[in-house]
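One structure below.
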């Protein structure tokens, strides 16, 4: 995966992580899991969108798009 994604994990009672799925196109709406995870990490919604746009524009420049 490159860019943004949501990776769902499960923690077993023994403390082991298992990957449930990788979602390369998670819902970006305010209040959805991706935005809420960013908020919990200290990244508010407007800044999250700015960050994603900046990353996307940077990647486009790198590939000559």
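Quick one: would you say residue 21 is outside any helix (DSSP H, G or I) and either surrounded by 10 or more Cβ atoms within 10 Å (Cβ to Cβ) or touching a residue at least 24 places away in the same chain (Cβ under 8 Å) (or both)? No; evaluated as a whole, the condition is false for this residue. Restricting attention to the range 34-50, the residues that are assigned to a helix (DSSP H, G or I) and within 15 Å of residue 6 (Cβ to Cβ) add up to 8. Of all residues in the range 41-65, those that are loosely packed, with under 10 Cβ neighbours inside 10 Å and at pLDDT below 80 total 5.
Of the listed requirements (1) at pLDDT below 95; (2) out of contact with any helix residue (DSSP H, G or I) (no Cβ under 7 Å at 6 or more places or on another chain); (3) surrounded by fewer than 12 Cβ atoms within 10 Å (Cβ to Cβ), residue 3 misses just one: (2).
The values are calculated or read from the model by the stated rules, or taken from the named source; none is laboratory data. If you're wondering where the values come from, they're calculated on a predicted model, not measured in any experiment. Neighbour counts run over all protein chains shown; Cβ positions are idealised from the backbone, glycine included.
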